[in-house]
Amino acid sequence: MTKLYDNVDHLDTNASAAYTVETDVLVVGAGNAGMEAAAAAKEAGANTILIEKEKTINLMRVGLPSTIVDQRLLETRADNSGATLDWLEEKVLKPNGAHLRAEADAMVTNKAYQAFPTENDPTFDDQSFTSYGDWFLEYQEEHGVDLRFETILVNLIKEAGRVTGALVKDLVKDEYCQITAKKGVILTTGGYSANVDLLKERNPLSLKKNVYTPRSNGAGITSALNVVAIRDDVQG
Ligand SMILES: Cc1cc2nc3c(=O)[nH]c(=O)nc-3n(C[C@H](O)[C@H](O)[C@H](O)COP(=O)(O)OP(=O)(O)OC[C@H]3O[C@@H](n4cnc5c(N)ncnc54)[C@H](O)[C@@H]3O)c2cc1C
């Protein structure tokens, strides 16, 4: 039998929604992945709601990882990550006078340890680094993405074998709400490095060398596992 997970944020998954909002696409989590997913959905003509449990988007990062163990994931990244960075450069950086600059990871300066560039730094022409979170927020606003902060995923709603939306909670109003998403729900809530139980269960090796990221408690992953998701044995 499939294991069901308790809500990791201790929210009431049986709460009744005070009201329902309809949209085409619901994106959960405003990190790099969610911000691009919401922008892409909107560009494709879908009314889009992006919810984020915190008061801010997550720190924007740009860079390509150096080690990936799953060949399928490696291929997916190799095939697609360039396009997401191109999109970011064209739509968010260049209109604000910045661009991407290829850089060796960790800015290696020792000649004995030269590396080829695997990272892209958002940069101005004088090579000074720039952050781009505020520009990305402006982009979402200008293009009509409905970004709701302090709104947290409670659980996914599944009808007739299909995820049709989510129960979410407005943390400011202390109110539950149902978001019905006609075209789909995209989960971009990051990993589960802040969830020790899930790490023990799914990736115990990482407990030895885990980078704790407080926003990443695995809420999206456990919500998905509760309704549809199948575990990827390689990635955990
Ligand atoms: C110390 C450190 C340094 C790093 N440096 C780099 C770097 O230089 N370059 C690089 O490319 N990568 C770097 N990374 C990795 C990078 O931060 C991650 O790969 C990236 O943030 C993942 O983006 P994401 O959008 O998938 O998830 P996240 O950025 O984790 O975003 C997920 C979002 O979902 C929200 N969320 C979570 N649960 C819910 C919920 N229940 N309801 C609503 N919202 C929710 C979170 O608050 C968060 O805003 C670093 C990571 C760490 C820890």
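Points to keep in mind about this one:
- All told, Gly144 meets the bar of being outside any strand (DSSP E or B) and over 22 Å from Leu59 (Cβ atoms).
- Pair list, Cβ under 8 Å, 6 or more apart: the range 51-77 residue among the polar types (S, T, N, Q), other residue modelled with pLDDT under 85: Ser66/Asp105; Ser66/Thr118
- Among the residues making up the range 14-37, those that are away from the ligand (no atom under 12 Å from the Cβ) and either touching a residue at least 60 places away in the same chain (Cβ under 8 Å) or in contact with an Asp or Glu (Cβ under 7 Å, 6 or more places away or on another chain) (or both) are Ala15, Ser16, Ala17, Ala18, Tyr19, Thr20, Val21, Glu22, Thr23, Asp24, Val25.
Results for (1) more than 15 Å from the chain's Cα centre (by Cα); (2) modelled with pLDDT of 80 or more; (3) more than 7 Å from the ligand (Cβ to nearest atom), shown as yes or no for each residue.
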| residue | (1), (2), (3) |
| --- | --- |
| Asn47 | yes, yes, yes |
| Leu50 | no, yes, yes |
| Glu54 | no, yes, no |
| Leu59 | no, no, no |
| Ser66 | yes, no, yes |
| Arg72 | yes, yes, yes |
| Thr76 | yes, yes, yes |
| Asn80 | yes, yes, yes |
| Thr84 | no, yes, yes |
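- Just one of the listed residues (Lys200, Lys158) is away from the ligand (no atom under 13 Å from the Cβ), assigned to a helix (DSSP H, G or I) and not hydrophobic (A, V, I, L, M, F, W, C), and it is Lys200.
- Filter pass, Ile157 being crowded, with 18+ Cβ neighbours inside 10 Å and touching an Asp or Glu at 6+ places or on another chain (Cβ under 9 Å): no
- Sole residue being of a type in the set (S, T, N, Q), within 16 Å of the ligand (Cβ to nearest atom), assigned to a helix (DSSP H, G or I) and under 15 Å from Gly34 (Cβ atoms), chosen from Ser216, Ser223, Ser206: Ser223
- The requirement of being assigned to a strand (DSSP E or B), of a type in the set (Asp, Glu) and touching a Ser or Thr at 6+ places or on another chain (Cβ under 9 Å) is fulfilled somewhere in the range 170-178, by at least one residue.
- Filter pass, Ala40 being assigned by TED's automatic domain parsing to the domain that holds Gly220, within 15 Å of the ligand (Cβ to nearest atom) and at pLDDT below 95: no
- Gly191 being surrounded by fewer than 19 Cβ atoms within 10 Å (Cβ to Cβ) and within 12 Å of the ligand (Cβ to nearest atom): no
The values are calculated or read from the model by the stated rules, or taken from the named source; none is laboratory data. Everything numeric in this text was worked out from a predicted model, so none of it was measured. No Cβ is skipped: glycine too gets one built from the backbone with ideal geometry, and neighbour counts run over all protein chains shown.
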